[in-house]
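Here's the structure we're looking at; comments come further down.
The values are calculated or read from the model by the stated rules, or taken from the named source; none is laboratory data. Just so you know, these numbers come straight off a predicted model, no measurement behind them. All Cβ positions, glycine included, derive from the backbone under ideal geometry; neighbour counts span all protein chains shown.
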Amino acid sequence: DTAVSQTPKYLVTQMGNDKSIKCEQNLGHDTMYWYKQDSKKFLKIMFSYNNKELIINETVPNRFSPKSPDKAHLNLHINSLELGDSAVYFCASSQLGANLNTEAFFGQGTRLTVV
Amino acid sequence: AQTVTQSQPEMSVQEAETVTLSCTYDTSESNYYLFWYKQPPSRQMILVIRQEAYKQQNATENRFSVNFQKAAKSFSLKISDSQLGDTAMYFCAFMSYNNNDMRFGAGTRLTVKP
């Protein structure tokens, strides 16, 4: 049973389109994240939510809009896709608060290709 | 926000030998977590080792150990008896106790040669 699952795994779309990536975690975690991994493998945080509340929004263009309908889901909607949006997008989750075994669990990533 | 620096973009090591990957970070917080994650070509993110900042003892996990120097804000990873399966990108990461803000270094590409 997958802990953090994101769909789709691959997404190829044309410039100007709008697309969504879905993420669900079944770990009961309070915190969820979206990261963007570029072609140089750099992992940049985009957003994080604690208990459905937006905590981090890292200078991401307004075309990117996260939505957290409940604690277990964090979806990413992207409007007017551009070539530079091509990357691998990772969803992750972790348990909020001091916890001896805390770690971030990652989804398998979504490779977005904008043509 | 916290920053994490990995100054070695690429490293290589012979199979069965030992290699150390470097990581430094910058924070004003006193309590936090540090991690090393491995990303093989499958792109899955795999936790290698975890360190709580309040613990003075360095974490170890089988062939993997860390050298945590809190005052110097340094967190290096030592891989002993390197195996071909250790070939991957390795990311150092910092997580805040306060809000779980998690930041990654730029990564080190490690190649284990037979």
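General remarks:
- Boolean, A:VAL114 is at pLDDT 95 or above and among the β-branched types (Val, Ile, Thr): yes
- Breaking point among (1) surrounded by fewer than 20 Cβ atoms within 10 Å (Cβ to Cβ); (2) within 12 Å of chain B (Cβ to nearest Cβ), for A:LYS67: (2)
- Checked against (1) surrounded by fewer than 21 Cβ atoms within 10 Å (Cβ to Cβ); (2) of a type in the set (A, V, I, L, M, F, W, C); (3) modelled with pLDDT of 95 or more, B:ALA53 meets all criteria but (3).
- Residue that is nearest to B:MET11 (Cα to Cα), among those in segment B:68-114 that are outside any strand (DSSP E or B) and within 11 Å of another protein chain (Cβ to nearest Cβ): B:GLY107
- Per the listing A:ASN62, A:ASN79, A:ASN75, the residue uniquely more than 11 Å from chain B (Cβ to nearest Cβ), within 12 Å of the chain's Cα centre (by Cα) and of a type in the set (S, T, N, Q) is A:ASN75.
Residues are listed down the side, and each one gets a yes or a no for (1) charged (D, E, K, R); (2) in contact with a Leu (Cβ under 9 Å, 6 or more places away or on another chain); (3) on the phi > 0 side of the Ramachandran plot; (4) in a loop (DSSP other than H, G, I, E, B):
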{"position": "B:SER7", "(1), (2), (3), (4)": "no, no, no, yes"}
{"position": "B:MET11", "(1), (2), (3), (4)": "no, yes, no, no"}
{"position": "B:GLU17", "(1), (2), (3), (4)": "yes, no, no, yes"}
{"position": "B:LEU47", "(1), (2), (3), (4)": "no, no, no, no"}
{"position": "B:VAL66", "(1), (2), (3), (4)": "no, yes, no, no"}
